[in-house]
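Reading through the structure tokens given below for one structure.
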Amino acid sequence: MVYSGLKALIMGIGLHGGGLESARFLIKRGCEITVTDLRDEKTLLPSIEKLDTFCGELKGKPVKYILGKHEIDDFKNADIVVKNPAVRNDSIFLQSAKKIETDISLFLQESPAGLFAVTGTKGKSCTASALCRILSKNRKKGKAFLGGNITVSPLVFLDELEKNDDVVLELSSFQLGDLKNRKAGDKSALLKPSASVITAIMSDHQDRYASMNEYIDDKRNIYFGQDSSGVTVAGDDIWGKSFLSETKGRPLVYSHSALKEGISGGWLDGEGFARLYGFPGISDEAVRLVPSRLLVPGEHQKINMLAASLAAFSNGIEAQTILAALEEFRGIEHRLEFFHEAGGVRFFNDSAATIPEAACACIEAFQNEGKLVLVTGGTDKNLDFSFLAKTAAKAKKIILLAGSGSEKLKSLLNSVGVSFNGPFNDLEKAVSCAVNTAEKGDIVALSPGCASFGMFLNEFDRGRRWKEAVLKICSK
């Protein structure tokens, strides 16, 4: 597409890079840029400064900013509107737009590289990162890149991509919804990954979607563009079975139990194995893909590694290469991230645990590691906290952060007889409580099971501030 001379409106420049990189992409291609965002200049200053510096270096036309509001005429007059995935498609402003893009759609229209896509409710970031590490380990030519919902816009590395490279995109339900029915220039599907991986599906974003089915329908877009040349990797639960039954890609199952004869996929049985039937150049015999012990804790991480390894193995990467890559994989920031030890107490950051089930997985992951002091709670997304309240009994102590989710959790904890401290609306006070509670050999983990809005800008800001507060208080 020729962009030169077009008027582009960036709806939500944000702080994670998607809006910023979309603006940079379009500036380099000769567009006139306007940025509109409901947040104020003070909040958005880091992104604004980066964009103004970039524009100045290219000697381009200055960016126009409309902050603290949206103006309908800006949307009507723009040739292209680039939306933030958090903006609902039924927005009255988007209804006035002539053409709507996202940073992902802009990327897919120009990328020459091979594509792997990962979605799910929980585990998608870790799975996508592990898959990228495997692909990087395999390189004989070309490179492997990681982007998408993991807070790295793929537009960052678009201009350095070559045909022999591979890209792993982590895609949220919102991002996938924005790609629904999108076509490439040759009328094929814009999103057509060689491998689609769907991690654990759980209830989430029920403050945004009218139902669980509506949420799942956006997830389905990850494989709608595939044909028999691609593979779709999903679990053996009710959702996974529905995905695998309707994809046109070759279905691969990941499971905790050994698979029946003739079913392609992998399973955990102390270690991770795979057996693929009818794949050219791949033996039908079971091969080991996942190490018996990972550097990242939790059985749920093993199943994520199995999903990643199936996507790689089905694309011709040798089992030994996959094993070697996963033996070195240390996980990623904000997902059961070990970051500090003091006085024999280990501290973890699991801020990306934004639903109750994820906080439960954190509790279970540490059952054989030591006694757990859990810092949890935050803003509710219209989710059920009852199972988290029951699972919390396995922790040594529960410390709550302030928020609407914590208010729901308080009542449930009281009803099952689990004591707690808080809720704290000051993070350092919560950290001090955790540090004073923990003893040598214990584990302290932030795993909120809630959204971050209120006390924090987002889950990543929450995780970074948690780590800063722990380091500050432990140094006293």
* Just one of (1) under 29 Å from Trp466 (Cβ atoms); (2) open to solvent by 10 Å² or more (accessible area, probe 1.4 Å); (3) touching a residue at least 24 places away in the same chain (Cβ under 8 Å) trips up Arg293, so point out which. => (3)
* Does the range 265-277 contain any residue that is open to solvent by 10 Å² or more (accessible area, probe 1.4 Å), more than 22 Å from Ile150 (Cα to Cα) and part of a loop (DSSP other than H, G, I, E, B)? -> yes
* **The listed residue being closer than 30 Å to Ala469 by Cα, of a type in the set (Gly, Ala, Ser) and crowded, with 20+ Cβ neighbours inside 10 Å, out of Ala308, Ala353** => Ala353
* Among the candidates Tyr215, Tyr209, which residue alone is in contact with a His (Cβ under 7 Å, 6 or more places away or on another chain) and either basic (Lys, Arg) or at pLDDT below 95 (or both)? -> Tyr215
* Asked: Which ones in the range 50-76 are in contact with a Ser or Thr (Cβ under 9 Å, 6 or more places away or on another chain), in a helix (DSSP H, G or I) and open to solvent by 70 Å² or more (accessible area, probe 1.4 Å)?
  -> Asp73, Lys76
* Do the conditions hold for Lys83, that is, is it basic (Lys, Arg), modelled with pLDDT of 90 or more and either open to solvent by 50 Å² or more (accessible area, probe 1.4 Å) or over 23 Å from the mean Cα position of the chain (by Cα) (or both)? -> no
* Asked: Can Gly370 be described as in contact with an Asp or Glu (Cβ under 9 Å, 6 or more places away or on another chain) and surrounded by fewer than 22 Cβ atoms within 10 Å (Cβ to Cβ)?
  -> yes
* Structure fact -> Counting only helices (runs of 4 or more DSSP H) wholly inside the range 333-443, the ones holding at least 1 residues that are on the phi > 0 side of the Ramachandran plot are none
* **From Ser419, Ser432, Ser475, residue being more than 22 Å from Asp384 (Cα to Cα), among the hydroxyl-bearing types (Ser, Thr, Tyr) and without any contact (Cβ under 8 Å) to a residue 24 or more places away in the chain** => Ser475
* Out of the residues in the range 145-167 that are under 16 Å from the mean Cα position of the chain (by Cα) and more than 19 Å from Phe460 (Cβ to Cβ), which is surrounded by the fewest Cβ atoms within 10 Å (Cβ to Cβ)? -> Phe145
* Structure fact -> Considering the range 325-350, residues that are exposed (fewer than 15 other Cβ atoms within 10 Å of the Cβ) and under 28 Å from Arg288 (Cβ atoms), and then whichever is modelled with the lowest pLDDT, we arrive at Arg330
* **Some residue of the range 256-263 being touching a helix residue (DSSP H, G or I) at 6+ places or on another chain (Cβ under 8 Å), on the phi < 0 side of the Ramachandran plot and buried (at least 16 other Cβ atoms within 10 Å of the Cβ)** => no
* From the list Ser91, Ser4, Ser47, which one is out of contact with any helix residue (DSSP H, G or I) (no Cβ under 7 Å at 6 or more places or on another chain), farther than 27 Å from Tyr215 by Cβ and either in a loop (DSSP other than H, G, I, E, B) or touching a residue at least 24 places away in the same chain (Cβ under 8 Å) (or both)? -> Ser4
* To do: Scan the range 453-472 residue by residue and report those that are within 14 Å of Ser406 (Cβ to Cβ) and either open to solvent by 10 Å² or more (accessible area, probe 1.4 Å) or without any contact (Cβ under 8 Å) to a residue 40 or more places away in the chain (or both).
  => Phe453, Gly454, Met455, Phe456
* Looking only at the range 15-44, which residues are more than 25 Å from the chain's Cα centre (by Cα), more than 17 Å from Phe107 (Cα to Cα) and in a helix (DSSP H, G or I)? -> Glu41, Lys42
* Structure fact -> Of the candidates Arg250, Arg220, the one satisfying the condition of being under 27 Å from Leu94 (Cβ atoms), among the charged types (D, E, K, R) and open to solvent by 20 Å² or more (accessible area, probe 1.4 Å) is Arg220
* To do: Looking only at the range 240-249, decide whether some residue is modelled with pLDDT under 95 and not in a strand (DSSP E or B).
  => no
* **Hits in the range 130-144 - residues which are under 28 Å from Ile216 (Cβ atoms) and open to solvent by 10 Å² or more (accessible area, probe 1.4 Å)** => Cys132
* Please specify each residue of the range 109-120 satisfying the condition of being touching a residue at least 60 places away in the same chain (Cβ under 8 Å) and surrounded by fewer than 22 Cβ atoms within 10 Å (Cβ to Cβ). => Gln109, Gly114, Leu115
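The values are calculated or read from the model by the stated rules, or taken from the named source; none is laboratory data. Computed from a predicted model, the values in this text were never measured in an experiment. Reconstructed Cβ throughout: ideal geometry from the backbone, glycine too, with neighbour counts over all protein chains shown. SASA here: full protein model, heavy atoms, side chains in, ligands and nucleic acids out. Shrake-Rupley method; radii C 1.70, N 1.55, O 1.52, S 1.80 Å.
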